[in-house]
Amino acid sequence: MTTTLKEIETQLQILQKEALSAIGETDTIDELEKLRINYLGKKGQLSEILRSMGKLSPEDRPLIGGVANEVKEEVQTQLESQRQHLQRVQIAAQLAAETLDVTMPGVSRHLGRVHPLNAMTDRIIDIFVGLGYTVASGPHIETDYYNFEALNTPPDHPARDMQDTFYLPGEKLLRTHTSSVQIRYMETHTPPIRIVAPGRVYRRDTVDATHSAVFHQLEILAVDRGLTFTQLKGTIQEFIRQIFGADLPLQFRASYFPFTEPSAEVDVQWQGKWLEVMGCGMVDPNVLEAVGYDPEIYTGFAAGLGIERFAMVLHQIDDIRRLYNSDLRFLRQF
Ligand code: DAH
């Protein structure tokens, strides 16, 4: 079989026509690449046609070579322009799909926050930790011994009336103050002692704007050789200075607690008024003896404060019940 120049030229023209129209119909870059391989690849249609050039006379070959190059260039140009076209379409589709509407309302994520009572407890603890104290705790269900007797408050003692107690079956009671932790801690440790004991306490009080049957106290206890009332005053003064953020006038007003001697109430002058903020005193020798400490060697000072009281004064909260209601409109203000 002989192949003529004319035949090859025709084949090339058909190939070009087919290729250009097929390229124009592609929708993806993958399809386009398949066409490129099919027409221009090493084993593609163009190479196949050119292989038959071998059967031409030497004078005809360059002519066909020229035509073939033109066809190749045409097809390549068309491939390239279609490739650019498809790429633009692809990018446009991607942009449309990934459009971000910056005017849409955001998704708000509610942050939890620390309850004002816990925040106040943490602040008070931090101040005492800064003074070298550690944190201690004790049970809420107590015995008469830890809540009263070891704290120098025997059964017939009039001071028991100061705190109406919730009694439980089995000679148990709900602790009326955190002072019980003093005894538990001293029983299991030896001086020097510096602790704070925050926690919940319980009293048979009628609930009103300033009273709750369940509230929180923080107990302070230091026992060592040679502790004096002056050190108690200095400690409280430093605490008040830090918690109120100012050196406020202080008054140690003589008072009575069974477990301290002498005892005092601490008043702070705050925004023109004297506020009673805590009870304190030197640990009564009877209390030291109850835990097996020799009061001839050791002395101690103690204090107790109401955490709600501090939260209410410092945040100007008018009703203690707001601290327990879990009303988010209130809690979100802290
Ligand atoms: N326990 C007392 C109360 O609940 C508060 C108190 C007063 C604690 C004097 C003390 C203290 O440690 O020394 O009213």
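Computed from the coordinates by the stated procedures, all read-outs in this text should not be read as laboratory data. Keep in mind it's a predicted model, so treat the numbers as computed, not measured. Ideal geometry is used to build each Cβ from the backbone, glycine not excepted, and the neighbour counts take in all protein chains shown.
Tabulated data
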item: Percent RCO, i.e. relative contact order, over the chain, from Cα pairs under 8 Å lying at least 6 residues apart; result: 14 percent
item: Value of relative contact order over region 5-98, rounded to a whole percent, pairs C-alpha under 8 Å and six or more apart; result: 39 percent
item: Sequence ranges 137-148, 99-110, ranked by mean other-Cβ count within 10 angstrom, highest first; result: 137-148, 99-110
item: Rg to Rh, two decimals, where region 10-128 supplies the alpha carbon set and Rh follows Kirkwood; result: 1.65
item: Subset of 34/72; 34/55; 6/34 violating a 19 Å alpha-carbon distance limit; result: 34/55; 6/34
item: Part-to-part distance (alpha-carbon centres) for region 1-53 and region 198-231, which is given in Å; result: 97 Å
item: Computed helical MRE - 222 nm, the chain, DSSP H runs ≥ 4 contributing -39500 (n - 2.57), nearest 500; result: -13500 deg cm²/dmol
item: For the chain, projected area of the alpha-carbon convex hull averaged over all directions, nm²; result: 35.6 nm²
item: Mean Cβ neighbour count within 10 Å, used as a protection proxy, ranking 29-41, 169-181, 245-257 highest first; result: 169-181, 29-41, 245-257
item: Interchain or long-range residues, amide H under 5 Å from residue 255's placed H; result: 263, 264, 265
